[in-house]
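Undergrad: Got a structure here, written out as structure tokens. Questions coming.
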Amino acid sequence: MRKLFFILLLSFCAPLTYAEVTVVLNSGDGTISLVDRHTYQPIKHFYVGKEPHHLMSLPDNSALIVADAVSNDLVFLNPTTGEIEKRIARISDPYQIGFSPDKKWFVANSLRLDRVDIYRATDFSLVARIPLSSMPSHLAFNQDSSMVFITLQGSHQLAAIDLKTQKVAWIIPVGNTPAGIIMTPDNQHLLIGVMGDNGINVVDWRQARIIKHIATGVGAHNFMPLGDQHHILISNRGADTISLIDTQTLSLTHTFPVPGGPDDMEVSEDSKELWVTCRWLREVRVINLTNDQVTHVIPVGRSPHGLFFISHAGRQ
């Protein structure tokens with residue numbers, strides 16, 4: 001009986017573990033919300049730093065990086081449990097971050113400082129600091145890692161940086177308040193979410209010119225691949241909608257409603273479930289992609305932005 005008592009006592013004292021969590025960044029609070037990926041229930045809410053906006057996993061998925069823009073650091077989380085593992089404090093204003101496909105470079109956009117910083121991916125040592133105007137926002141790479149492309153929200157431009165020389169290759173006007181950017185799976189075109197023009201501008205990056213506009217909705221903002229190498233989702237933050245784009249025909253497939261300023265997204269591994277941060281409602285909404293219906297509404301913190309779970313669909 002005494003042995004049973006101690007077994008029960010230890011079971012009550014042991015920390016709770018979860019098979020998988022969804023990590024949500026609350027940029028307005030400087031906090032992270034952890035949500036049970038399978039029960040959709042909030043687990044934990046904790047401070048991480050000032051203005052955590054974006055996040056991404058290491059190339060080998062061994063850790064999840066949270067970029068604290070105003071705290072000027074990177075926080076490494078366990079990608080399955082969401083627990084903090086370490087912090088790198090020498091990264092200046094990392095608003096948006098990304099690893100080049102060849103895993104050689106780590107790039108950080110400094111939106112409030114009007115520059116792009118290039119680091120070695122192996123040790124996060126600074127290699128180049130490139131001034132740009134104004135408000136470098138989101139980024140994307142070409143497949144051979146020779147170029148990184150940066151949207152400039154404040155100057156309504158798109159910049160291309162040669163990663164071999166760490167020099168600006170070209171800058172072109174790309175529309176009113178560009179934000180999200182993604183390369184199409186065939187490496188032929190960049191899709192730019194142009195918030196002020198209510199849709200996507202398609203750029204032939206080799207020719208450095210816009211070739212098409214796809215109307216999607218007010219405040220066209222950010223992208224997430226569906227995982228089938230054929231379709232990409234875009235959040236229309238002002239229209240309270242999300243649109244599906246066919247990357248082969250460069251055309252709109254359909255649009256469905258998501259209230260509250262839909263922003264960043266994550267897609268399940270089977271491409272049937274979409275998680276979305278709703279910036280104005282302090283919520284994450286989960287959508288069944290077979291019928292575009294909201295299945296769960298999860299309370300989180302103020303101004304939720306980036307989110308992640310490890311069992312996501314492919315990024316192309």
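The values are calculated or read from the model by the stated rules, or taken from the named source; none is laboratory data. Owing to the predicted nature of the structure, the values given are computational and were not obtained by experimental measurement. Note: ideal-geometry Cβ built from the backbone for every residue, glycine included; neighbour counts use all protein chains shown.
Undergrad: Return the residues of region 173-183 that are buried (at least 19 other Cβ atoms within 10 Å of the Cβ) and at negative phi; say none if nothing qualifies. Let's see the steps before the verdict.
TA: Step one: of region 173-183, the residues buried (at least 19 other Cβ atoms within 10 Å of the Cβ) are 174-175, 177-183.
174, 178, 179, 180, 181, 182, 183 - these are the residues of region 173-183 that are buried (at least 19 other Cβ atoms within 10 Å of the Cβ) and at negative phi.
Undergrad: Step by step: first the residues of region 119-139, then only those that are hydrophobic (A, V, I, L, M, F, W, C) and over 19 Å from the mean Cα position of the chain (by Cα), then the one that is nearest to residue 178 (Cα to Cα). Which residue is that? Please lay out each step first, then the result.
TA: Of all residues in region 119-139, those hydrophobic (A, V, I, L, M, F, W, C) come to 121, 124, 126-128, 130, 132, 135, 139.
Narrowing the set further to residues that are over 19 Å from the mean Cα position of the chain (by Cα) leaves 124, 126-128, 130, 132.
Numbers: 124: 28, 126: 27, 127: 27, 128: 24, 130: 19, 132: 14 Å.
Residue satisfying both the conditions and the ranking: 132.
Undergrad: Also, I was wondering about something else. Looking only at residues that are part of a strand (DSSP E or B) and of a type in the set (Ser, Thr, Tyr) in region 199-247, which one is surrounded by the most Cβ atoms within 10 Å (Cβ to Cβ)? So that I can check it myself, show each step before the final result.
TA: Kept after step one, since they are part of a strand (DSSP E or B), are these residues of region 199-247: 199-204, 209-215, 220-225, 231-236, 241-246.
Next cut, of a type in the set (Ser, Thr, Tyr) only: 235, 241, 243.
Working: 235: 31, 241: 20, 243: 22.
Within region 199-247, the match that is surrounded by the most Cβ atoms within 10 Å (Cβ to Cβ) is 235.
Undergrad: Among the listed residues 108, 128, 121, 179, which satisfies the condition of being touching a residue at least 12 places away in the same chain (Cβ under 8 Å), touching a helix residue (DSSP H, G or I) at 6+ places or on another chain (Cβ under 9 Å) and within 28 Å of residue 71 (Cβ to Cβ)?
TA: On the way: 108 fails: touching a helix residue (DSSP H, G or I) at 6+ places or on another chain (Cβ under 9 Å); 128 fails: touching a helix residue (DSSP H, G or I) at 6+ places or on another chain (Cβ under 9 Å); 121 fails: touching a helix residue (DSSP H, G or I) at 6+ places or on another chain (Cβ under 9 Å).
So the residue among 108, 128, 121, 179 that is touching a residue at least 12 places away in the same chain (Cβ under 8 Å), touching a helix residue (DSSP H, G or I) at 6+ places or on another chain (Cβ under 9 Å) and within 28 Å of residue 71 (Cβ to Cβ) is 179.
Undergrad: Which of the strands (runs of 3 or more DSSP E) found entirely inside region 274-316 contain at least 1 residues meeting this: free of Cβ contacts under 8 Å to residues at least 60 places away in the same chain?
TA: Values: elements: 283-288, 293-299, 304-308.
In region 274-316, the matching strands (runs of 3 or more DSSP E) lie at 283-288, 293-299.
Undergrad: Can you tell me which residue within region 76-105, out of those that are under 15 Å from the mean Cα position of the chain (by Cα) and without any contact (Cβ under 8 Å) to a residue 60 or more places away in the chain, is nearest to residue 59 (Cα to Cα)?
TA: 99
Undergrad: Right, here's the next one. With 270, 228, 240 as the choices, which residue is at pLDDT 95 or above and touching a strand residue (DSSP E or B) at 6+ places or on another chain (Cβ under 7 Å)? Let's see the steps before the verdict.
TA: Values: 270 fails: touching a strand residue (DSSP E or B) at 6+ places or on another chain (Cβ under 7 Å); 228 fails: touching a strand residue (DSSP E or B) at 6+ places or on another chain (Cβ under 7 Å).
Just a single option satisfies the conditions, and that option is 240.
Undergrad: Turning to a different aspect of this structure: Could you please tell me which pairs satisfy a Cβ distance under 8 Å, a separation of 6+ or placement on different chains, a first residue in region 253-266 that is free of Cβ contacts under 8 Å to residues at least 60 places away in the same chain and on the phi < 0 side of the Ramachandran plot, and a second residue that is among the polar types (S, T, N, Q) and not in a strand (DSSP E or B)?
TA: 255/216
Undergrad: Please determine whether any residue of region 140-158 is over 18 Å from the mean Cα position of the chain (by Cα), under 15 Å from residue 201 (Cβ atoms) and assigned to a strand (DSSP E or B).
TA: yes
Undergrad: Please indicate, with yes or no, whether at least one residue in region 90-109 is surrounded by fewer than 15 Cβ atoms within 10 Å (Cβ to Cβ) and of a type in the set (A, V, I, L, M).
TA: no
Undergrad: Considering each of 194, 203, 116, 168 in turn, give the residue that is more than 21 Å from the chain's Cα centre (by Cα) and either more than 25 Å from residue 255 (Cα to Cα) or in contact (Cβ under 8 Å) with a residue 12 or more places away in the chain (or both). Steps first, please.
TA: Numbers: 194 fails: more than 21 Å from the chain's Cα centre (by Cα); 203 fails: more than 21 Å from the chain's Cα centre (by Cα); 116 fails: more than 21 Å from the chain's Cα centre (by Cα).
Checking each option against the conditions leaves just 168.
Undergrad: Filter region 256-272 down to residues that are surrounded by fewer than 20 Cβ atoms within 10 Å (Cβ to Cβ) and among the acidic types (Asp, Glu) and give me whichever is nearest to residue 55 (Cα to Cα). Before the answer, list the steps.
TA: Filtering region 256-272 down to residues surrounded by fewer than 20 Cβ atoms within 10 Å (Cβ to Cβ) leaves 256-257, 259-260, 268-272.
Now narrow it down to the ones that are among the acidic types (Asp, Glu): 269-270.
Working: 269: 18, 270: 22 Å.
The residue in question is 269.
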